[in-house]
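The structure appears below as structure tokens.
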Amino acid sequence: MNLDVPVAGVQLGFDRLGTEIVVPMVRRKPVRLGLLGPPTPARLLAYRLVSAGASVTVVSHRQPTWKPLRTKVQSARLAIVDNPPPWPARPSTQPGGNPGPQAFFADLPSPPPLWLGDMPWTTVLHIADHVPAQSDFWHNAEAVIVNAPGHGRALADLFGRPDVSRVDSLPPGYLALVDRWRVALFRLALTPAENDLMA
């Protein structure tokens, strides 16, 4: 499978009006993202990035959570490890280059340091159960994917947007993408080949 990932980012799904929801991930500048709640959407994002030629390193102490991705993706561009390696081993390059864009998914209790991945064509995603209020990384995040209700107040404080409180009551089957300009509720858009990543 080979997906075309535009420089703007990776598609997550569609809102109720059919508008495509895209998360920034492949850019000429470093990208920092948060994910609140279960890491299921991160498996989808990692799959799509690797399919598009990016390299993804996942660091997690919850290895069974990542088994669907490990089973589906047999590629040297995907590493799922228990402990953070020195990363990146070499600077990221533009799509089509060597090594190409790189992403680091931190499924860890503590957020990554702000300096991690501070280079072009590099994305760092932190998966957390709640917003780490004192984290420089989260205060500099471009966007947060919300996969569980109850984070409205913390996100409103993080982004300085009172309207973010509506993510406290996500409709069943919906997620939210929150940044400094929008709060978008959406459903994931999956291809048949991606359904088993959601198990």
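A compact table of results
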| quantity | calculated |
| --- | --- |
| Unique residue being surrounded by fewer than 18 Cβ atoms within 10 Å (Cβ to Cβ) and out of contact with any Ser or Thr (no Cβ under 8 Å at 6 or more places or on another chain) when the list is Thr71, Thr65, Thr57 | Thr71 |
| Matching entry among Gly117, Gly100, Gly150, Gly96 (being assigned to a loop (DSSP other than H, G, I, E, B), modelled with pLDDT under 95 and surrounded by 20 or more Cβ atoms within 10 Å (Cβ to Cβ)) | Gly117 |
| Matching residues in the range 31-82 - criterion: being under 30 Å from Gly150 (Cβ atoms), touching a strand residue (DSSP E or B) at 6+ places or on another chain (Cβ under 8 Å) and in a loop (DSSP other than H, G, I, E, B) | Gly37, Pro39, His61, Arg62, Asp82 |
| Search result, residues across the range 1-23 that are exposed (fewer than 14 other Cβ atoms within 10 Å of the Cβ), modelled with pLDDT under 90 and hydrophobic (A, V, I, L, M, F, W, C) | Met1, Val7, Ala8 |
| Residue ID - farthest from Val131 (Cα to Cα), chosen from residues in the range 156-182 that are hydrophobic (A, V, I, L, M, F, W, C) and out of contact with any Leu (no Cβ under 8 Å at 6 or more places or on another chain) | Trp181 |
| Inter-residue pairs, beta-carbon under 8 Å, first farther than 13 Å from Thr40 by Cα and in the range 186-199, second among the hydrophobic types (A, V, I, L, M, F, W, C) and at pLDDT below 90, 6+ apart | Ala193/Met1 |
| Hey, Val26 hydrophobic (A, V, I, L, M, F, W, C), surrounded by 17 or more Cβ atoms within 10 Å (Cβ to Cβ), part of a strand (DSSP E or B) and in contact with a Phe, Trp or Tyr (Cβ under 9 Å, 6 or more places away or on another chain) or not | no |
| Residue pairs meeting the criteria (Cβ under 7 Å; at least 6 apart or on separate chains; first under 16 Å from Ser92 (Cβ atoms), in the range 102-121; second acidic (Asp, Glu) and surrounded by 23 or more Cβ atoms within 10 Å (Cβ to Cβ)) | none |
| Filter result (without any contact (Cβ under 8 Å) to a residue 24 or more places away in the chain and under 24 Å from Pro111 (Cβ atoms)) within the range 163-179 | Val164, Ser165, Val167, Asp168 |
| Given (1) touching a residue at least 12 places away in the same chain (Cβ under 8 Å); (2) in contact with a Pro (Cβ under 8 Å, 6 or more places away or on another chain); (3) under 19 Å from Leu33 (Cβ atoms), index of the condition Ala156 fails | (1) |
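The values are calculated or read from the model by the stated rules, or taken from the named source; none is laboratory data. Please read these numbers as outputs of a predicted model, since none were measured by experiment. Positions of Cβ are generated from backbone atoms using ideal geometry, with glycine treated the same way; all protein chains shown enter the neighbour counts.
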